[in-house]
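Have a look at the structure below, then the notes.
The values are calculated or read from the model by the stated rules, or taken from the named source; none is laboratory data. Model, not experiment: these values are computed from the prediction. Note that we place each Cβ from the backbone using ideal geometry, even for glycine, and neighbour counts take in every protein chain shown.
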Amino acid sequence: MQNRIKKIDYQKALEKAMRYCVYQERCILDVENRLLAWGLPKSDWDKLIDKLIEQDFLNENRYIEDYVRGKFLIKKWGRNKIKAGLLQKKIRGAEVEEKIMSIDEAEYKKTINYLIEKKRVLLTQKDDLELRDKLYRYLLSKGFESEIIVEELKNC
């Protein structure tokens, strides 16, 4: 059996892309992946994406802001993991750094302490050094900076 990609015309793709972008914030890579799945010829991609940007259906700055806020507040990710996630979406630049650094420092440390307490309950290590090592590695995997983790582990 052969997999076929249905080809759609520009106008239908534009309408579908508008609905797709209205549903939630999207980045250009998300839209390009969708256009590929829809089978729209690559020659129409730039025109369609420009139209979405022009009509404010697609806005990278808004996407970056929502991504950073969502990943920090909901998923409890650190700055490094958020930055890596945006790089995966092929988004980089000064706006990314600005939005990531706009995370409130007190809120950031509060989140680290929350994660330490939450994880500490789940760990059964009796040795304090081993416990700190596990907590340190856990927080690193969540994308928090090494210096801040060490500082907060000393305070616990």
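Assessment of segment 36-54 against the conditions (at pLDDT 95 or above and under 30 Å from Leu131 (Cβ atoms)) yields no matching residue. In this structure, does Asp66 turn out to be within 24 Å of Asp30 (Cβ to Cβ), part of a helix (DSSP H, G or I) and assigned by TED's automatic domain parsing to the domain that holds Val31? For Asp66, the condition - within 24 Å of Asp30 (Cβ to Cβ), part of a helix (DSSP H, G or I) and assigned by TED's automatic domain parsing to the domain that holds Val31 - is not met.
Quick check on this structure: which one of Tyr108, Tyr136 is assigned to a helix (DSSP H, G or I), among the aromatic types (Phe, Trp, Tyr) and under 30 Å from Glu60 (Cα atoms)?
Working: Tyr136 fails: under 30 Å from Glu60 (Cα atoms).
None of the others qualify; the one that does is Tyr108.
Applying the criterion of being aliphatic (A, V, I, L, M), touching a residue at least 40 places away in the same chain (Cβ under 8 Å) and closer than 29 Å to Lys154 by Cβ to the residues of segment 64-118, the residue that is surrounded by the fewest Cβ atoms within 10 Å (Cβ to Cβ) is Ala84.
Listed here are the residues, each with its yes/no results for (1) among the small types (Gly, Ala, Ser); (2) touching a helix residue (DSSP H, G or I) at 6+ places or on another chain (Cβ under 8 Å); (3) outside any helix (DSSP H, G or I); (4) modelled with pLDDT under 95.
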site	(1), (2), (3), (4)
Arg92	no, yes, yes, yes
Glu95	no, yes, no, yes
Leu115	no, yes, no, no
Lys126	no, no, yes, yes
Leu129	no, no, no, yes
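Restricting attention to segment 135-148, the residues that are surrounded by 19 or more Cβ atoms within 10 Å (Cβ to Cβ), of a type outside the set (Phe, Trp, Tyr) and within 21 Å of the chain's Cα centre (by Cα) total 2.
Checked against (1) part of a helix (DSSP H, G or I); (2) in contact with a Gly (Cβ under 6 Å, 6 or more places away or on another chain), Trp77 meets all criteria but (1). The residues on offer are Asn61, Asn80, and the sole one that is polar (S, T, N, Q) and at pLDDT 95 or above is Asn80.
Given the residues Lys7, Lys16, which is the only one that is over 24 Å from the mean Cα position of the chain (by Cα) and of a type in the set (Lys, Arg)?
Lys7
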